[in-house]
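Visitor: Structure in structure tokens, see below.
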Amino acid sequence: MSADVRGRPIRRRLALLAAVEAVLLVAALVAAGVALNSLADARGRLLDVIGPQRLAAIQLSTALLNQESGVRGYQLGRQPEFLVPYTDGMRAQADAVTQLRQLGAAPGTRIGDDLDAVVRAATAWQAAAAPTIAPAAPPVTAAQVERGRALFVDVRKALDTQLDHLAAIRDAGRADLDAAARFLNAMFVVVAVLVVVLFAMLFFGLRQFVTRPILRLAGEVRRVADSDIHHPVHSSGPREIAQLGADVEAMRQRILDEVAELERAHALLDRRTQEAERSTAMLDRRTRELERSNADLEQFAYVASHDLQEPLRKVASFCQLLQRRYQGLLDERGEQYIEYAVDGAKRMQVLINDLLAFSRVGRKPGEHVVADAGALADEAIANLEVALSLSGGKVSRGELPQVRVEPALMTAVFQNLIGNALKFKGEAPPEVRVSAERDGDDWVFSVSDNGIGIDPEYAERVFALFQRLHTRSAYPGTGIGLALCRRIVEYHGGRIWLDTEASDTTFRFTLPAREEPAREEEGTA
């Protein structure tokens, strides 16, 4: 009995189980976030780089074919209008080459070398064709025609090689996109499986460590109550249930002692009948107490079996129930385990919400309207009223322009940047400044503060998903806020960065400047 009583308490077992599952779920969600980022990168490369490269290569091929058609037409007819395809093709060729260079066809790369080969072959053919299409050129000879045809065959070969290589790059990009999508789906399946396993483990853990020991103890008590008073009450399981069984066994032993004393009194002393009757009454009272105790145990077993086998819909609510119910009864380590589980469950909910918010940006575009950035910043500041009050900080802003945005998303950008400034504060009360200035076709917004600052070497890392520069105990958060800001700003056609040259901690981001009202009215007219 003593070994059972010293067993691990229910609270500690459940807290440890919940903490382990919470860690596994958070790890799976982090992996899902990485997979989501890889999928976005693969899709962006395929749509924004590889596709335009192939289209520009096709335009280059068409331009050279048009040039060749113009040269052959002029050589046969000697009419100036026959050279129009040639001159148009030269311009289209230059545009296509420029576009390919901008898309990464730099010297030393595979597509850059292919482009250089096409340009060399085209230049050689154009040099050979130039004398035959000059205004005062003599009639073209068969040798010149044959030489031009041979040189243009080299142009076609270079174009075919270029298109073949771009097709291979496109196929590789599609394969990367498919692999990223499969990995993301696998991560979602893992998260779902972990959630199911968590509920299953909690259900079977409660059944194994609570319901079954209570039912066994109730059976032992019923056997004693049903006249087998000499049957010892055995209990097992967690410490609380084992202790309850020990108390019932002690009660049974006391009843046995009293019954024995009563029997000796009846056998030896008839004159003490009255005392024996009092003892019998006491025995009856104790028996009724035992029956009431047995009824209480049965009621407890029913309640525990019914309530604790309900499907557990939310890990956070269950952990918080444990925390409220056993507050002050646990040792320090048990309290810490439950707090870990509650914190892990809450962070898991926040992570899911933040990942959903991150994945929805740009996936379901809302309406872009002309909004006052100052009003959006004021709304964000109002949302942070509690944080401002707790930190003792203040936020000031200058005149902010009107921009074409999705208001809810842009409010989230201001709220994240200002909220970070209030969170990562130094010893002095935080002072946050929001401003904007025109820079060409863009508005450059700035959010500065007098906080603890960021090392310049982490200027890019802070915008990655789940990247943190401080421990979660020092500064709470999920590590998604700045990544969400970058995604929203880039979705609006801007960019965001940490200004490492500023004296204070300063984040800047750009938004396209909308056309002036006069220009808009002029365009409408």
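Visitor: Could you check segment 345-453 for strands (runs of 3 or more DSSP E) lying wholly inside it with 1 or more residues that are modelled with pLDDT under 85, assigned by TED's automatic domain parsing to the domain that holds A483 and within 28 Å of L25 (Cα to Cα)? Write out each step before concluding.
Guide: Numbers: elements: 369-372, 394-397, 402-405, 431-439, 442-449.
Where strands (runs of 3 or more DSSP E) fall fully within segment 345-453, none carries at least 1 residues being modelled with pLDDT under 85, assigned by TED's automatic domain parsing to the domain that holds A483 and within 28 Å of L25 (Cα to Cα).
Visitor: If you take the residues of segment 121-144 that are of a type outside the set (G, A, S) and either surrounded by fewer than 15 Cβ atoms within 10 Å (Cβ to Cβ) or out of contact with any helix residue (DSSP H, G or I) (no Cβ under 7 Å at 6 or more places or on another chain) (or both), which of them is nearest to P85 (Cα to Cα)? Reasoning before the result, please.
Guide: Looking only at segment 121-144, we keep the residues that are of a type outside the set (G, A, S), and these are 123, 125-126, 131-133, 135, 138-141, 144.
Filter again for either surrounded by fewer than 15 Cβ atoms within 10 Å (Cβ to Cβ) or out of contact with any helix residue (DSSP H, G or I) (no Cβ under 7 Å at 6 or more places or on another chain) (or both), leaving 123, 126, 131, 135, 138-139, 141.
Numbers: T123: 17, Q126: 14, P131: 17, P135: 16, P138: 21, P139: 20, T141: 22 Å.
Going through the qualifying residues, I end up with Q126.
Visitor: Could you list, in sequence order, all residues of segment 370-419 that are in contact with a strand residue (DSSP E or B) (Cβ under 8 Å, 6 or more places away or on another chain) and of a type in the set (S, T, N, Q)?
Guide: S396, Q402
Visitor: Taking the condition of being of a type in the set (S, T, Y) and in contact (Cβ under 8 Å) with a residue 12 or more places away in the chain, how many residues in segment 133-177 meet it? Before the answer, list the steps.
Guide: Kept after step one, since they are of a type in the set (S, T, Y), are these residues of segment 133-177: 141, 161.
In the following step, the residues that additionally are in contact (Cβ under 8 Å) with a residue 12 or more places away in the chain were identified as 161.
The total comes to 1.
Visitor: Give me the pairs: first residue in segment 417-446 and surrounded by fewer than 20 Cβ atoms within 10 Å (Cβ to Cβ), second residue of a type in the set (D, E), beta-carbon distance under 6 Å, and six or more apart or on different chains, which are they?
Guide: Sorted first by the residue in segment 417-446, then by its partner, the pairs are V444/E437.
Visitor: Of the residues D171, D154, only one is charged (D, E, K, R) and surrounded by 13 or more Cβ atoms within 10 Å (Cβ to Cβ); which? So that I can check it myself, show each step before the final result.
Guide: Details: D171 fails: surrounded by 13 or more Cβ atoms within 10 Å (Cβ to Cβ).
Exactly one of D171, D154 is charged (D, E, K, R) and surrounded by 13 or more Cβ atoms within 10 Å (Cβ to Cβ), namely D154.
Visitor: Looking at segment 465-481, is at least one residue of a type in the set (K, R), modelled with pLDDT under 80 and surrounded by 13 or more Cβ atoms within 10 Å (Cβ to Cβ)? I'd like the intermediate steps shown before the answer.
Guide: First, pick out the residues of segment 465-481 that are of a type in the set (K, R): 468, 472.
Subset that is modelled with pLDDT under 80: 468, 472.
Those left that are additionally surrounded by 13 or more Cβ atoms within 10 Å (Cβ to Cβ): 468.
Checking segment 465-481: at least one residue is of a type in the set (K, R), modelled with pLDDT under 80 and surrounded by 13 or more Cβ atoms within 10 Å (Cβ to Cβ).
Visitor: Got a sec? Which of V71, V49 is part of a helix (DSSP H, G or I), surrounded by fewer than 17 Cβ atoms within 10 Å (Cβ to Cβ) and not charged (D, E, K, R)? Spell out how you get there, then give the answer.
Guide: On the way: V71 fails: surrounded by fewer than 17 Cβ atoms within 10 Å (Cβ to Cβ).
Going through V71, V49 in turn, the sole match is V49.
Visitor: Which of the following residues is surrounded by 18 or more Cβ atoms within 10 Å (Cβ to Cβ) and over 17 Å from L103 (Cβ atoms): L25, L60, L76? I'd like the intermediate steps shown before the answer.
Guide: Numbers: L60 fails: over 17 Å from L103 (Cβ atoms); L76 fails: surrounded by 18 or more Cβ atoms within 10 Å (Cβ to Cβ).
Checking each option against the conditions leaves just L25.
Visitor: Which residues, taken from segment 482-519, are out of contact with any Leu (no Cβ under 8 Å at 6 or more places or on another chain), modelled with pLDDT of 85 or more, under 18 Å from H368 (Cβ atoms) and not β-branched (V, I, T)?
Guide: Answer for segment 482-519, where residues must be out of contact with any Leu (no Cβ under 8 Å at 6 or more places or on another chain), modelled with pLDDT of 85 or more, under 18 Å from H368 (Cβ atoms) and not β-branched (V, I, T): R487, E490, R495, F509, L511, P512, A513.
Visitor: Please verify whether segment 53-65 includes one or more residues that are under 15 Å from A175 (Cα atoms), in a helix (DSSP H, G or I) and of a type in the set (A, V, I, L, M, F, W, C). So that I can check it myself, show each step before the final result.
Guide: The initial filter retains those residues of segment 53-65 that are under 15 Å from A175 (Cα atoms), namely none.
Checked against the condition, which is being under 15 Å from A175 (Cα atoms), in a helix (DSSP H, G or I) and of a type in the set (A, V, I, L, M, F, W, C), segment 53-65 yields no hits at all.
Visitor: Looking at (1) closer than 30 Å to I58 by Cα; (2) touching a Gly at 6+ places or on another chain (Cβ under 9 Å), which is the only condition A134 fails?
Guide: (2)
Visitor: Contact list please: Cβ distance under 7 Å, first residue in segment 16-27 and more than 11 Å from M201 (Cβ to Cβ), second residue small (G, A, S) and buried (at least 21 other Cβ atoms within 10 Å of the Cβ), pairs at least six apart or on different chains.
Guide: A19/A341; A19/G344; A22/A341; A22/G344; A22/A345; V23/G344; V26/G344
The values are calculated or read from the model by the stated rules, or taken from the named source; none is laboratory data. Bear in mind the structure is a predicted one, so any value in this text is a computation, not a measurement. With ideal geometry, Cβ positions are generated from the backbone for all residues, glycine too; neighbour counts draw on all protein chains shown.
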